[in-house]
Amino acid sequence: MSGRIHGSFYEEREQIILDLLQKKGRITVAEAAELTGLSVSTIRLQFQSMHEKGLLLRTHGGAIKADYPKDFNTRLNFFDGIVNFDKKQQIAAAAAETIEDGDFIAISSGSTALLLASKITDKKLTVVTDSIPVANILLFHPNIRLYVCGGQIRERNGACFGPTSEAFFSTVKVDKAYSGCDSVDLDVGITSLDIDPRTEQSLIKCAKKCYILADSTKFSVKPFIEKTIDISEITCLISDSDLDPLYVTRLRDAGVAIILGTND
């Protein structure tokens, strides 16, 4: 196979695996072994090492991407390690402009949602979230009334999930929900790599208006099995300035408003 990287250094193999995870969201041991030309046992050891560093999360037979590095809360720069940081910054800034003093909003888990939270701390808001990292950003701002849904916490992104979380969002009504995603497919919808995305769905559906935060790379990721929302249910999709104009046109034709961030 021409794509194999025989005899590559550890760091090179690490980057190859991370690049593939960014594109696909998950990778099997067999896929990584085929790509690098290394044995399955060597790849398992590499996956374990990367898991311990917080670069990915081991799963049965493979790995999935981690939204935040393992030492996320101890870093001097709180946002170090966020993939596609500049694109997500554009999206967060644009999304913050849609939030007004007095709004009741829901913010989901994920790195783009986290960046959004960091840009609204000067507003007077009521915020509900399933994300422990988002709650951590907003916690000590007296102008923000903050609610966290509770439930079991997902390791890869610090999100609460399960029956407790779903029950919480079923009783909450907000003006706007801001949700990240793992992939966007115009024929399938917004999809998640999590096996059970019912908490994400509940968060989205507790709002009058649904804003999806999706950087341009999410449109090139193969859609996952678990769908969180149909394209037709989205009020507005917020992306970065690199989004292909073809997607912009198709989304608008489907009745979805589009906001693109800028490099300013």
Inside segment 21-34, the number of residues satisfying the requirement of being touching a helix residue (DSSP H, G or I) at 6+ places or on another chain (Cβ under 8 Å), part of a helix (DSSP H, G or I) and open to solvent by less than 40 Å² (accessible area, probe 1.4 Å) is 3
Kindly evaluate R58 against the criterion of being assigned to a strand (DSSP E or B) and modelled with pLDDT of 65 or more.
yes
Checked pairs for segment 80-106, first without any contact (Cβ under 8 Å) to a residue 40 or more places away in the chain, second assigned to a helix (DSSP H, G or I) and of a type in the set (S, T, Y), C-beta under 8 Å and 6 or more apart or across chains, list as I82/S111
Filtering segment 221-230 for residues that are under 26 Å from E97 (Cβ atoms) and open to solvent by 20 Å² or more (accessible area, probe 1.4 Å) leaves a count of 1
Exactly one of Y247, Y178 is in a helix (DSSP H, G or I) and among the aromatic types (F, W, Y), and that one is Y247
Subset of segment 107-132, residues open to solvent by 20 Å² or more (accessible area, probe 1.4 Å) and not polar (S, T, N, Q), comes to K119, D122, K123, K124, I132
For segment 186-211, the count of residues that are farther than 24 Å from L56 by Cα and not polar (S, T, N, Q) equals 13
Filter segment 183-207 for residues that are in contact with a helix residue (DSSP H, G or I) (Cβ under 7 Å, 6 or more places away or on another chain) and not in a helix (DSSP H, G or I); the one that is surrounded by the most Cβ atoms within 10 Å (Cβ to Cβ) is V184
Within segment 133-165, of all residues that are buried (at least 20 other Cβ atoms within 10 Å of the Cβ) and not aliphatic (A, V, I, L, M), the one modelled with the lowest pLDDT is N157
_For the structure I just gave you, tell me whether A92 is in a helix (DSSP H, G or I), of a type in the set (A, V, I, L, M), closer than 19 Å to L243 by Cα and in contact with a Pro (Cβ under 9 Å, 6 or more places away or on another chain)._
no
When restricted to Q15, Q46, the only residue surrounded by 15 or more Cβ atoms within 10 Å (Cβ to Cβ), of a type in the set (S, T, N, Q) and at pLDDT 75 or above is Q46
Being touching a residue at least 40 places away in the same chain (Cβ under 8 Å), out of contact with any Gly (no Cβ under 8 Å at 6 or more places or on another chain) and open to solvent by 30 Å² or more (accessible area, probe 1.4 Å) narrows L237, L246, L260 down to just L260
Filtering segment 92-106 down to residues that are open to solvent by 40 Å² or more (accessible area, probe 1.4 Å) and under 19 Å from I204 (Cβ atoms) yields F104
Flagged in segment 14-48 as under 20 Å from the mean Cα position of the chain (by Cα) and among the hydrophobic types (A, V, I, L, M, F, W, C), in numbering order, are I17, L18, L20, L21, I27
Flagged in segment 205-226 as free of Cβ contacts under 8 Å to residues at least 60 places away in the same chain, farther than 13 Å from I238 by Cα and of a type in the set (A, V, I, L, M, F, W, C), in numbering order, are I225
Only unsatisfied item for A63, checking (1) at pLDDT below 80; (2) surrounded by 13 or more Cβ atoms within 10 Å (Cβ to Cβ), is (1)
Of the residues in segment 122-163, those that are assigned to a loop (DSSP other than H, G, I, E, B) and touching a residue at least 24 places away in the same chain (Cβ under 8 Å) come to K123, D130, C149, G151, E155, R156, N157, G158, G162
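The values are calculated or read from the model by the stated rules, or taken from the named source; none is laboratory data. Please read all numbers here as calculations on a predicted model, not as lab measurements. Quick reminder, even Gly has a Cβ in these numbers, built from the backbone with ideal geometry, and neighbours come from all protein chains shown. Note: accessible area is taken over every heavy atom of the protein model, side chains too, but ligands, DNA and RNA are not part of it. Shrake-Rupley method; radii C 1.70, N 1.55, O 1.52, S 1.80 Å.
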